[in-house]
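Asks: Would you mind keeping the following structure in view while I ask a few things?
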Amino acid sequence: MTCKGCQDRDNRIRLLEHQISILQESNQYLSRRLEELLKHPTMLAGIKGEKLILEIAKGTTTKRGAPYDIRMHNGAKVEVKYSRITEPKPGSPTKRWVWSGLLGERDGKNYDILVLIGDKDGKHHNFEEDDSNFVYFVLNKDDIRKMTVSGNKRGWVALNLNPKKGWSAAKKSLWKFKMSAKGAKELFEQLIVEQK
């Protein structure tokens, strides 16, 4: 004959063992996903950009491969691209951001708002209007068509970090779409108010 306390203890142990088994499976899955992401820094950077905007846009993310990243509650579609600081050639004094895939395969991107995010460098963008670590450019698909590198069907833009130096008039004009983190937040807050 077993005591009531012993049965309760044994049941609790079985339940805990089952929960441990589920957590171990989940841990293995997440470890594999993290390993995949670390092998693809571009994808990881994209997720970082989406997360920054998702926090202020109050929308929902789309499935991977969708023609935009975030859908706001009013139906507005937002595409987000993030760029680290790059050098055209190793050791080059020129630093730039490069955003690619702005138009998608065969012009397949379909969004209303495009947000380009770039890391600040500490030289040209350290003492700006906010203490954010990022520079934001907010525009639409038609605006970006005028600035993308011609002949590139997917659409990409490379922009010198120094706003006083630029390559083409189109690239220089991208600077008029620059916003502070606060400005980007206020823009999305206004869109949220308008959708109510």
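The values are calculated or read from the model by the stated rules, or taken from the named source; none is laboratory data. In this text the structure is predicted, and so the values were computed from the model without any measurement. Positions of Cβ are backbone-derived with ideal geometry, glycine not excepted, and every protein chain shown enters the neighbour counts. Accessible surface is based on the protein model in full, side chains and every heavy atom, while ligands, DNA and RNA are left aside. Shrake-Rupley method; radii C 1.70, N 1.55, O 1.52, S 1.80 Å.
Asks: So how do PHE137, PHE177 rank on accessible area, 1.4 Å probe, biggest first, that is with the largest at the start?
Replies: On the way: PHE137 0, PHE177 35 Å².
Accessible-area ranking of PHE137, PHE177, largest first: PHE177, PHE137.
Asks: Let me ask something else. Would you please give the FRET efficiency between SER92 and GLN19, computed as 1/(1 + (r/R0)^6) with r the Cβ-Cβ distance and R0 = 45 Å, to the nearest 0.05?
Replies: On the way: r = 54 Å, r/R0 = 1.19.
Using R0 = 45 Å, I get an efficiency of 0.25.
Asks: With every protein chain present, what accessible area does THR61 have (1.4 Å probe, heavy atoms only), rounded to the nearest 10 Å²?
Replies: Near enough 80 Å² of accessible area.
Asks: Choose one of THR61, ILE85, GLY75: the residue whose Cα lies farthest towards the positive end of the charge dipole of segment 45-115 (beta-carbon charges +1 Lys, Arg; -1 Asp, Glu; about the Cα centre).
Replies: About the Cα centre, the residue reaching furthest to the positive side is ILE85.
Asks: Residue by residue, what Karplus-based ³J(HN,Hα) values in Hz, rounded to whole numbers, does segment 132-147 have, using 6.51, -1.76 and 1.60 with θ = phi - 60° and x for Gly and Pro?
Replies: Per residue, the Karplus-derived 3J(HN,Hα) values read 5, 8, 10, 10, 10, 10, 10, 8, 10, 5, 5, 4, 6, 4, 6, 10 Hz.
Asks: Continuing with this model, one more query. Once the whole set of protein chains is in place, how much accessible area is left on GLU25, using a 1.4 Å probe, in Å² to the nearest 10?
Replies: Per-residue accessible area (GLU25): approximately 130 Å².
Asks: Could you order TRP156, TRP175 so the one with the most accessible surface comes first? Probe is 1.4 Å.
Replies: Values: TRP156 75, TRP175 40 Å².
So the residues, ranked largest to smallest area, are TRP156, TRP175.
Asks: How many lysine pairs are close in segment 64-122, with Cα atoms under 16 Å apart and the two 8 or more places apart or on different chains? Could the numbers behind the result be given before it?
Replies: Details: LYS77/LYS109; LYS81/LYS109; LYS81/LYS120; LYS95/LYS120.
Total qualifying Lys-Lys pairs in segment 64-122 comes to 4.
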